[in-house]
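Chemist: Can you keep this structure in mind? I'll have questions shortly.
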Amino acid sequence: MMRRNALVMPIFSLVLGTLGYYLRRLELIFVFDSVTGLPERGSGITYALIWSTLAFLLVSALFAFRVKIGYTCFPDFDTAFGTEPLAYPMSFLFIGLLWLVATVRYYYSMKSLGGMTPQLTVFVLLSALSAVSVVLFAIEVYQDPQRKTKQPLSIVPVIFLCYWLIFLYRQNASNPILLSYCYQCLAIIASTLGFYFVSGFVFGRSAPSKALLAFFTAIYFSFVALADNLAGSIKLIFVLIIVINAIYSSMLIRNLQKKTG
């Protein structure tokens, strides 16, 4: 049953995320005033997005609760996620390279506009380090799960995403319209939690139900955030985060063990 859910639940998150993306696009086009930027109060599109989000969160939470009461997993990352096939490091090698390309493109696009600041420089550096870390982490786990280097590598994306959230808030500190960037915040928060729980497995603090809920919500909110007016490089990073969480959720569900007694 759980092996089937290893495919069903990530696809469910992707489908609902696609719906959220579509509703968000409609919201940005028809709900926000083109002159003032203020959203229309009581818009049906906004409520439709909210209700679809709540429905998604409810289903995801119920699945996570089912995992919590009925299933367990191996304590270590490599056994809990089943990282033996060569496809695992190869997939993350491709993801990391694309992430690095997106980071470099974002750097040069901002530099050409003369918008480079110390905060943005830190953002770019942390993003590049995260791209490298996801590749090295996958290779380290595949080659030798006992290596201690995988522990610091698992923390780098968490640090980057925490900084990204602060960076996003500082960019919008003077923006009174929370609805204009709230889904980006939710996407980054969920993604941070996803990498945080992955790191928890590495440090022997496994929490499969919480990790799966974080993976699903990261997929959904990252999809919704793609509808916002963002640089193409940033959108690519969100797409890669979606792929990472889809892979990790499928791997973890596939290796869950039913509780006995």
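The values are calculated or read from the model by the stated rules, or taken from the named source; none is laboratory data. Here the structure is a predicted model, which is why all the values come from computation and not from measurement. Cβ sites come from the backbone with ideal geometry, for glycine too, and all protein chains shown count toward neighbours.
Chemist: Out of region 177-221, which residues are β-branched (Val, Ile, Thr), surrounded by 24 or more Cβ atoms within 10 Å (Cβ to Cβ), more than 15 Å from Met251 (Cβ to Cβ) and in contact (Cβ under 8 Å) with a residue 60 or more places away in the chain?
Modeler: Listed by number, the list holds a single entry, Thr217.
Every residue, every condition in (1) under 22 Å from the mean Cα position of the chain (by Cα); (2) among the polar types (S, T, N, Q), yes or no:
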site	(1), (2)
Thr83	yes, yes
Phe92	yes, no
Pro118	no, no
Ser127	yes, yes
Ser133	yes, yes
Asp144	no, no
Trp164	yes, no
Tyr169	yes, no
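Chemist: Right, another one. Looking only at region 20-39, which residues are crowded, with 16+ Cβ neighbours inside 10 Å and either within 17 Å of the chain's Cα centre (by Cα) or not in a helix (DSSP H, G or I) (or both)?
Modeler: Matches in region 20-39: Gly20, Tyr21, Phe32, Pro39.
Chemist: Only one of these is farther than 19 Å from Leu178 by Cβ, free of Cβ contacts under 8 Å to residues at least 24 places away in the same chain and among the aliphatic types (A, V, I, L, M): Leu129, Leu62, Leu54, Leu98. Name it.
Modeler: Working: Leu129 fails: free of Cβ contacts under 8 Å to residues at least 24 places away in the same chain; Leu54 fails: farther than 19 Å from Leu178 by Cβ; Leu98 fails: free of Cβ contacts under 8 Å to residues at least 24 places away in the same chain.
Going through Leu129, Leu62, Leu54, Leu98 in turn, the sole match is Leu62.
Chemist: Being among the hydroxyl-bearing types (Ser, Thr, Tyr), more than 12 Å from the chain's Cα centre (by Cα) and within 30 Å of Ala227 (Cβ to Cβ) is true for just one of Tyr196, Tyr181. Which residue is that?
Modeler: Sole residue among the options that is among the hydroxyl-bearing types (Ser, Thr, Tyr), more than 12 Å from the chain's Cα centre (by Cα) and within 30 Å of Ala227 (Cβ to Cβ): Tyr181.
Chemist: Taking the condition of being surrounded by fewer than 16 Cβ atoms within 10 Å (Cβ to Cβ) and hydrophobic (A, V, I, L, M, F, W, C), how many residues in region 1-13 meet it?
Modeler: Qualifying residue count for the region: 4.
Chemist: Please specify each residue of region 222-261 satisfying the condition of being of a type in the set (D, E, K, R) and touching a residue at least 60 places away in the same chain (Cβ under 8 Å).
Modeler: Asp228, Arg254, Lys258, Lys259
Chemist: I'm told Gly42 meets every condition in (1) part of a helix (DSSP H, G or I); (2) surrounded by fewer than 14 Cβ atoms within 10 Å (Cβ to Cβ) except one. Can you identify the failing condition by its number?
Modeler: (1)
Chemist: May I ask you to say which residue of Phe94, Phe160, Phe167, Phe123 is within 17 Å of Ile247 (Cα to Cα) and either surrounded by 13 or more Cβ atoms within 10 Å (Cβ to Cβ) or of a type outside the set (Gly, Ala, Ser) (or both)?
Modeler: Only one candidate qualifies: Phe94.
Chemist: Looking only at region 64-83, which residues are in a helix (DSSP H, G or I) and either in contact with a helix residue (DSSP H, G or I) (Cβ under 6 Å, 6 or more places away or on another chain) or under 16 Å from Asp144 (Cβ atoms) (or both)?
Modeler: Within region 64-83, the first condition is being in a helix (DSSP H, G or I), and the residues that meet it are 64-70, 77-81.
Ala64, Val67, Lys68, Phe77, Asp78, Thr79, Ala80, Phe81 - these are the residues of region 64-83 that are in a helix (DSSP H, G or I) and either in contact with a helix residue (DSSP H, G or I) (Cβ under 6 Å, 6 or more places away or on another chain) or under 16 Å from Asp144 (Cβ atoms) (or both).
Chemist: Yes or no: Phe238 under 23 Å from Phe32 (Cβ atoms), among the hydrophobic types (A, V, I, L, M, F, W, C) and at pLDDT 95 or above?
Modeler: The answer is yes for Phe238.
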